[in-house]
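Participant: Can you read through this structure? Questions will come right after.
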Amino acid sequence: DIVFEVKNVKKIYDMGEVKVKALAGINFKIKKGEFVIIMGPSGSGKSTTLHIMGCLDVPTSGEVYIDSIKVSDLDEKNLAKVRRNKIGFVFQQFNLLPRMTALENVELPMIYKGIPAHKRKKRAKELLELVGLGDRIHHRPTQLSGGQMQRVAIARALANNPSYILADEPTGNLDTKSGEEVLKIFKKLNEEGMTVIIVTHDPELENLGNHNIFLRDGLIQKESFV
Ligand code: ADP
Ligand code: ADP
């Protein structure tokens, strides 16, 4: 079953006098359970592609379907709804709230969804255990290493039981060892059936997934299945 369909998507960032063509018409489909790696040099359009797939942004033209829902022309309110129900997003910069503990950071998406306190604390704790941070739940981001912060961010992304995990350069700010630990978590999630989509400029990650998309200058240069 196809879970994402990207059809002739173009994205032009319009900053008045300056217009940047980030995507020049890309097409691909993603099936349930795939581990997708979107690769390419800096500026090739990877983040833009992921942001559009994750309903954080909309294309200038073209169509995007998630589970057959046409998300490319939804308004912000409905985009947010799809995002909340289906997407777990992991950022390169972790984007944790610095004054909150690991547990509270993971609870946050569940607060927005109205999950009662006892229930969300229990789930947040379980998720932190899943990413190997059961002994760090009351630490704040500044008391954690980069790899630990990213694992908190993964736990947070999983909080509302998303259908899909999207990660933008999740190892970009990590040393090799922490990066490998983070990738192991994505691998495990995928083995349990989760569709995982990772953006990276690191060609070494090619062997991690089973569906590789290579971007260059806003176009798909190559697509391969392992
Ligand atoms: P990558 O993730 O491969 O580095 P991006 O999708 O971030 O590529 O960027 C593609 C192009 O679009 C680049 O030229 C970048 O500078 C530009 N771009 C990305 N985001 C914005 C934005 N919000 N406003 C203007 N230009 C942007
Ligand atoms: P990353 O590759 O981790 O997404 P970037 O530094 O490329 O980090 O982008 C960080 C943010 O800035 C993104 O939200 C992106 O859309 C935006 N951005 C990237 N390039 C530009 C640009 N040329 N002008 C304005 N915003 C940009």
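The values are calculated or read from the model by the stated rules, or taken from the named source; none is laboratory data. If you're wondering where the values come from, they're calculated on a predicted model, not measured in any experiment. Virtual Cβ from ideal backbone geometry, glycine too; neighbours counted across all protein chains shown. When the accessible area is computed, the model is the full protein with side chains, heavy atoms only, and any ligands, DNA or RNA have been set aside. Shrake-Rupley method; radii C 1.70, N 1.55, O 1.52, S 1.80 Å.
Participant: Considering only residues that are among the β-branched types (Val, Ile, Thr), away from ligand 2 (no atom under 12 Å from the Cβ) and either at pLDDT below 95 or over 17 Å from Pro162 (Cβ atoms) (or both), which ones fall in the range 1-37?
Facilitator: The answer is Ile2, Val6, Val9, Ile12, Ile26, Ile37.
Participant: Related question: Of all residues in the range 4-35 being within 15 Å of the chain's Cα centre (by Cα) and under 20 Å from Val71 (Cα atoms), which is surrounded by the most Cβ atoms within 10 Å (Cβ to Cβ)?
Facilitator: My answer is Phe4.
Participant: A follow-up question, please. Among the residues of the range 129-155 satisfying the criterion of being open to solvent by 40 Å² or more (accessible area, probe 1.4 Å) and not in a helix (DSSP H, G or I), which is nearest to Gln92 (Cα to Cα)?
Facilitator: Checked the range 129-155; the qualifying residue nearest to Gln92 (Cα to Cα) is Ser145.
Participant: Among the numbered criteria (1) away from ligand 1 (no atom under 16 Å from the Cβ); (2) among the polar types (S, T, N, Q); (3) assigned to a loop (DSSP other than H, G, I, E, B), which one does Asn8 miss?
Facilitator: If we test Asn8 against (1) away from ligand 1 (no atom under 16 Å from the Cβ); (2) among the polar types (S, T, N, Q); (3) assigned to a loop (DSSP other than H, G, I, E, B), just (3) comes out false.
Participant: Among the numbered criteria (1) in a loop (DSSP other than H, G, I, E, B); (2) within 30 Å of Lys46 (Cα to Cα); (3) open to solvent by 30 Å² or more (accessible area, probe 1.4 Å); (4) out of contact with any strand residue (DSSP E or B) (no Cβ under 7 Å at 6 or more places or on another chain), which one does Gln92 miss?
Facilitator: All conditions are met except number (4).
Residue-wise test of (1) assigned to a loop (DSSP other than H, G, I, E, B); (2) in contact (Cβ under 8 Å) with a residue 24 or more places away in the chain.
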| residue | (1), (2) |
| --- | --- |
| Thr49 | no, yes |
| Lys77 | no, no |
| Ala80 | no, yes |
| Arg99 | yes, yes |
| Leu127 | no, yes |
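Participant: Further question on the same structure: Six or more apart or on different chains, Cβ atoms under 6 Å: show the pairs whose first residue is in the range 165-183 and closer than 21 Å to Thr195 by Cα and whose second is of a type in the set (Gly, Ala, Ser) and outside any helix (DSSP H, G or I).
Facilitator: Partner pairs satisfying both residue conditions: Ile165/Gly88; Leu166/Gly54.
Participant: Working carefully through the options Gly43, Gly88, find the one that is within 16 Å of ligand 1 (Cβ to nearest atom) and either touching a helix residue (DSSP H, G or I) at 6+ places or on another chain (Cβ under 8 Å) or at positive phi (or both).
Facilitator: Exactly one residue qualifies, and that residue is Gly43.
Participant: Next up: Just checking, how many residues over the range 161-191 are surrounded by fewer than 18 Cβ atoms within 10 Å (Cβ to Cβ), under 15 Å from the mean Cα position of the chain (by Cα) and within 13 Å of ligand 2 (Cβ to nearest atom)?
Facilitator: Of the residues in the range 161-191, 1 are surrounded by fewer than 18 Cβ atoms within 10 Å (Cβ to Cβ), under 15 Å from the mean Cα position of the chain (by Cα) and within 13 Å of ligand 2 (Cβ to nearest atom).
Participant: Something else: Report the residue count in the range 50-81 for those that are open to solvent by less than 30 Å² (accessible area, probe 1.4 Å), in contact with a helix residue (DSSP H, G or I) (Cβ under 9 Å, 6 or more places away or on another chain) and more than 16 Å from ligand 2 (Cβ to nearest atom).
Facilitator: 4
Participant: Exactly one of (1) within 16 Å of ligand 1 (Cβ to nearest atom); (2) small (Gly, Ala, Ser); (3) within 29 Å of Leu183 (Cβ to Cβ) is unmet by Ala24. Its number?
Facilitator: Of everything listed in (1) within 16 Å of ligand 1 (Cβ to nearest atom); (2) small (Gly, Ala, Ser); (3) within 29 Å of Leu183 (Cβ to Cβ), Ala24 misses just condition (3).
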